[in-house]
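Here the structure comes first, spelled out in structure tokens, and everything after it is commentary.
The values are calculated or read from the model by the stated rules, or taken from the named source; none is laboratory data. A quick note: this is a predicted structure, and the numbers were derived from the prediction, not measured. With ideal geometry, Cβ positions are generated from the backbone for all residues, glycine too; neighbour counts draw on all protein chains shown.
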Amino acid sequence: AQTVTQSQPEMSVQEAETVTLSCTYDTSESDYYLFWYKQPPSRQMILVIRQEAYKQQNATENRFSVNFQKAAKSFSLKISDSQLGDAAMYFCAYRTLRYTGNQFYFGTGTSLTVIP
Amino acid sequence: DSGVTQTPKHLITATGQRVTLRCSPRSGDLSVYWYQQSLDQGLQFLIQYYNGEERAKGNILERFSAQQFPDLHSELNLSSLELGDSALYFCASRGGLAGGEQYFGPGTRLTVT
């Protein structure tokens, strides 16, 4: 079964600085999706960014970008110009493309604190 | 607003009781996923339905069951509730188009006393 590992339970960053959250995954598949979700104190799960494994170009959404290293099975999230509203739990997720299930696998999360 | 709705938002019940959580997916989405998130924990995948059929099962207890109806809404039934079942229960839906991300509802917070 696929596993997703987030080795940093907690991270902090100064407001306006840049922070990188790490994620690694284990799979034998060649086609899949990777995601970062944000869960602020409201507990709502919000999609931050998506990466298709077949794309070599790293995804970018405004201040959020990823560093996708397929061979290393690494998928880190970079947050630039951090804002107070970025404080949240961040979950990395993997989605298999197998017909049966298309299941998502989530990491254990990284709690990000933004220091004013 | 993700377009996924869940009711009720909060539910308080006693041990041994049975509850039903309801989820309406985004318009047009055929897949519904259920997750459990205990306090300060990650997401535990429970079960997935696609167009009325069960597609994948995760760590779902035998006391729990789910179904997806012809109008695509889904219900998660939790019975013989225990204190440890207190958690936030999320429903997520996914469309069939490229992109394939899930969109989460706001969750139902279940408290078992």
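Checking B:L110 against (1) part of a loop (DSSP other than H, G, I, E, B); (2) aliphatic (A, V, I, L, M); (3) closer than 29 Å to A:V48 by Cα: exactly one of these is not met. Which one?
Of everything listed in (1) part of a loop (DSSP other than H, G, I, E, B); (2) aliphatic (A, V, I, L, M); (3) closer than 29 Å to A:V48 by Cα, B:L110 misses just condition (1).
Restricting to segment B:18-50, and then to whatever is exposed (fewer than 13 other Cβ atoms within 10 Å of the Cβ) and more than 12 Å from chain A (Cβ to nearest Cβ), can you tell me which residue is farthest from A:Q39 (Cα to Cα)?
Among those residues, the one meeting the criterion is B:R18.
Kindly indicate the residue of segment A:100-116 that is more than 15 Å from A:Q2 (Cα to Cα) and surrounded by fewer than 21 Cβ atoms within 10 Å (Cβ to Cβ) and also nearest to the other protein chains (Cβ to nearest Cβ) among those meeting that condition.
Selected residue: A:S111.
Search segment B:55-69 for residues being within 12 Å of another protein chain (Cβ to nearest Cβ) and without any contact (Cβ under 8 Å) to a residue 12 or more places away in the chain, and hand back the single one that is surrounded by the most Cβ atoms within 10 Å (Cβ to Cβ).
So, considering only residues that are within 12 Å of another protein chain (Cβ to nearest Cβ) and without any contact (Cβ under 8 Å) to a residue 12 or more places away in the chain, the one surrounded by the most Cβ atoms within 10 Å (Cβ to Cβ) is B:A56.
Which one of these is in contact (Cβ under 8 Å) with a residue 12 or more places away in the chain and touching a helix residue (DSSP H, G or I) at 6+ places or on another chain (Cβ under 7 Å): B:L30, B:L72, B:L81, B:L110?
B:L110 is the lone residue from the list that is in contact (Cβ under 8 Å) with a residue 12 or more places away in the chain and touching a helix residue (DSSP H, G or I) at 6+ places or on another chain (Cβ under 7 Å).
With respect to A:K55, is the statement that it is buried (at least 18 other Cβ atoms within 10 Å of the Cβ) and free of Cβ contacts under 8 Å to residues at least 60 places away in the same chain true?
It is false that A:K55 is buried (at least 18 other Cβ atoms within 10 Å of the Cβ) and free of Cβ contacts under 8 Å to residues at least 60 places away in the same chain.
Yes or no: segment A:37-57 includes at least one residue that is of a type in the set (F, W, Y) and in contact with a strand residue (DSSP E or B) (Cβ under 6 Å, 6 or more places away or on another chain).
Yes, that holds for at least one residue.
So which of B:G84, B:G105 ends up being within 14 Å of chain A (Cβ to nearest Cβ) and closer than 26 Å to A:S42 by Cβ?
Only one candidate qualifies: B:G105.
Going through segment A:1-34 one residue at a time, which ones are over 17 Å from the mean Cα position of the chain (by Cα) and at pLDDT 95 or above?
A:Q14, A:E15, A:A16, A:E17
Among strands (runs of 3 or more DSSP E) lying entirely in segment B:20-94, which contain 2 or more residues that are among the basic types (K, R)?
B:53-57
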